[in-house]
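Encoded as structure tokens, the structure appears first; notes follow it.
The values are calculated or read from the model by the stated rules, or taken from the named source; none is laboratory data. Values in this document were obtained by computation on a predicted structure and should not be read as measured data. So basically every Cβ, Gly included, is an ideal-geometry build from the backbone, and we count neighbours across all protein chains shown.
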Amino acid sequence: MKWSSYRNAYSRDVLSMEDGKPVKLLGWIASKRVHKDKIFISLRDRFGYVQLVVSSHYEDAFDKAKRLNIESAIAAEGFVKVDDRAPGGREVHITKLYVVSEADVWPLTKEVLKNPDTMFDYRHLTMRGPRSRAILLIREGVVLGAIDYFTREGYVYITAPTFITAAVEGGATLFKLKYFDRDAYLTQSSQFYEEAAICVFEKVFVVQPSFRAEKSRTRKHLTEFLHIEAEAAFLDHEDIMDVEEGLVKHIITYLNENYERELKTLLKGSLLQEYEERFPRITYDEAISILQNNGVDIEWGEDFGADEERILSNQFETPFFVTHFPVSTRSFYHMNDPSNPNVTLSSDLMAPQGYGEITSGGQRIHKYDELMEKIKSFGLDPADYGWYLELRKYGMPPHSGFGLGVERVVRWLLHLPHVRDATLFPRTPSRLYP
Ligand code: NSS
């Protein structure tokens, strides 16, 4: 049989068909219930689930349905039956059933699924469940929503290399590897390459993995995450916060418009909250006061850890920016605030209700001497940043940019316990398989 031309409907089409319509379906047996003279199969295909009913009257189909393990791939022919008792009000009464690929006994017992570690050992199989399916589609929606936003706003999509020679976000979290006989690293951010590209396109964005050798075992750190980054010429710190805010609001609207089914599956029947008002903007100084007033032992100049972020973001019901981080807490490329050289023109966008940082950005140093001085004051070797410095000699305008962690956004929007739930095959300090 030529399976590519066999099918004439998907599960979701059946749900709006009239009684008696003949259909040919392809998919997997997600579950089955065997009765004396009837077998109920929940068939899964790329659009979801539909109920099949195999009656003992059709002996060959009945015998196959009885014998087959769940997750066997099948082709099934029959007629649509309108029935209020069926999920979605329709089922398909099967007359013929073909085995496309027979499955062994499914190894995922309740024990396996209960323990997050063994659950992720079987991620290649557990991803077939309705919940991970819906989460992965929302993740797709976050990326497509972002691409939709950037292309509408005139940003050009570029790509940057994964093998790099120097740190963007500090040497401590670089993954080192051998590049033939030289040392190289895995990229932490495409930002520097985007900065080069804005002198051609003015506004650019990337969607690609970034890598961090981060040992911290928190609910928000992966060693490989999907990074959406944007960079724009002639935009200052305030302007780029507007872009970040516009992006996050657009992603939410895009998901509500295009992923209603998945959102309702995951959010107990509701859609995502849309935010009309402008996101609040508080300074780092104000954030420190809030933390101190909540009994947190933190001094001015210290960076926020996971706990501080959680406590701070628990004070808010909408996303909010924290701006003007101290020079000591930010990478060297950040422009110092001309009105207060102890702080930078930087900001993090925080998700509310304890979820914390989802984007980070700000204005870059665009002047050669200023950047050279800052590189040296950070104890870095200017030779490592040759081309990046050189850009400042050839017409680099004031510019700003930011990065957004896709798994962090998905985790927040869906209230997931951990960022690893927001990606297909998570990479953490302890997980490199599957
Ligand atoms: O380190 S960042 O805060 N900033 C940058 O990499 C800039 N160079 C981006 C830019 O301006 N183009 O990371 C940006 C975002 C951060 O807000 C998180 O949402 C996410 O990337 N991020 C992570 N997600 C998951 N796991 C880890 N380890 C992680 N690190 C950052």
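With (1) buried (at least 20 other Cβ atoms within 10 Å of the Cβ); (2) away from the ligand (no atom under 16 Å from the Cβ); (3) more than 19 Å from Gly170 (Cα to Cα) as the list, and Tyr368 as the residue in question, which single condition is left unmet?
Only one criterion in (1) buried (at least 20 other Cβ atoms within 10 Å of the Cβ); (2) away from the ligand (no atom under 16 Å from the Cβ); (3) more than 19 Å from Gly170 (Cα to Cα) is unmet by Tyr368, namely (1).
Of all residues in region 193-215, which are out of contact with any strand residue (DSSP E or B) (no Cβ under 9 Å at 6 or more places or on another chain), assigned to a helix (DSSP H, G or I) and within 12 Å of the ligand (Cβ to nearest atom)?
Hits for region 193-215: nothing passes.
Of all residues in region 216-240 being of a type in the set (Asp, Glu) and within 7 Å of the ligand (Cβ to nearest atom), which is farthest from His399 (Cα to Cα)?
Filtering region 216-240 for residues that are of a type in the set (Asp, Glu) and within 7 Å of the ligand (Cβ to nearest atom), the one farthest from His399 (Cα to Cα) comes out as Glu229.
When the residues of region 156-165 are filtered to those that are more than 13 Å from the ligand (Cβ to nearest atom), surrounded by 14 or more Cβ atoms within 10 Å (Cβ to Cβ) and assigned to a loop (DSSP other than H, G, I, E, B), which remaining residue is farthest from the chain's Cα centre (by Cα)? First the steps, then the outcome.
Here is the first cut: in region 156-165, the residues more than 13 Å from the ligand (Cβ to nearest atom) are 156-157, 159, 161-163, 165.
Subsequent filtering for residues that are surrounded by 14 or more Cβ atoms within 10 Å (Cβ to Cβ) retains 156, 162, 165.
From the residues that got through so far, the ones that are assigned to a loop (DSSP other than H, G, I, E, B) too are 162, 165.
Details: Thr162: 19, Thr165: 27 Å.
Filtering first and then ranking leaves Thr165.
Yes/no matrix, rows are residues, columns are (1) away from the ligand (no atom under 14 Å from the Cβ); (2) in a strand (DSSP E or B):
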residue: Gln353; (1), (2): yes, no
residue: Gly362; (1), (2): no, yes
residue: Glu373; (1), (2): yes, no
residue: Gly395; (1), (2): yes, no
residue: Gly403; (1), (2): no, yes
residue: Leu413; (1), (2): no, no
residue: Asp421; (1), (2): no, no
residue: Phe425; (1), (2): yes, no
residue: Tyr433; (1), (2): yes, no
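Could you give every pair whose Cβ atoms fall below 6 Å, whose first residue belongs to region 183-199 and is in contact (Cβ under 8 Å) with a residue 12 or more places away in the chain, and whose second residue is more than 13 Å from the ligand (Cβ to nearest atom) and of a type outside the set (A, V, I, L, M, F, W, C), counting only separations of at least 6 or pairs across chains?
Note: pairs meeting the criteria are Tyr185/Lys176; Thr187/Thr162.
Confirm whether Phe279 is among the aromatic types (Phe, Trp, Tyr), crowded, with 18+ Cβ neighbours inside 10 Å and in contact with a Lys or Arg (Cβ under 8 Å, 6 or more places away or on another chain).
Numbers: among the aromatic types (Phe, Trp, Tyr): yes; crowded, with 18+ Cβ neighbours inside 10 Å: yes; in contact with a Lys or Arg (Cβ under 8 Å, 6 or more places away or on another chain): no.
When the stated conditions are applied, Phe279 does not pass them.
Ser339: at pLDDT 95 or above, surrounded by fewer than 22 Cβ atoms within 10 Å (Cβ to Cβ) and away from the ligand (no atom under 13 Å from the Cβ), yes or no?
Taking the combined requirement at face value, the residue satisfies it.
Of the conditions (1) within 24 Å of the chain's Cα centre (by Cα); (2) in a loop (DSSP other than H, G, I, E, B), Ile252 fails just one. Which one is it?
Here Ile252 meets the rest and fails (2).
So, Val50, is that one of a type in the set (Val, Ile, Thr) and more than 32 Å from the chain's Cα centre (by Cα) or not?
No, not satisfied.
Please find, within region 170-192, the residue that is farthest from Thr428 (Cα to Cα) out of those that are among the hydroxyl-bearing types (Ser, Thr, Tyr) and more than 10 Å from the ligand (Cβ to nearest atom).
Per the criteria, the residue is Tyr179.
Considering Glu202, Glu195, Glu229, which residue is among the charged types (D, E, K, R), crowded, with 17+ Cβ neighbours inside 10 Å, at pLDDT 95 or above and on the phi > 0 side of the Ramachandran plot?
Glu202
Let's see how each residue does on (1) modelled with pLDDT of 95 or more; (2) in contact with a helix residue (DSSP H, G or I) (Cβ under 6 Å, 6 or more places away or on another chain); (3) more than 27 Å from Val206 (Cα to Cα):
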residue: Ile94; (1), (2), (3): yes, yes, yes
residue: Leu97; (1), (2), (3): yes, yes, yes
residue: Glu102; (1), (2), (3): yes, no, yes
residue: Trp106; (1), (2), (3): yes, no, yes
residue: Lys110; (1), (2), (3): no, no, yes
residue: Leu113; (1), (2), (3): no, yes, yes
residue: Pro116; (1), (2), (3): no, no, yes
residue: Ile135; (1), (2), (3): yes, no, no
residue: Val143; (1), (2), (3): yes, no, no
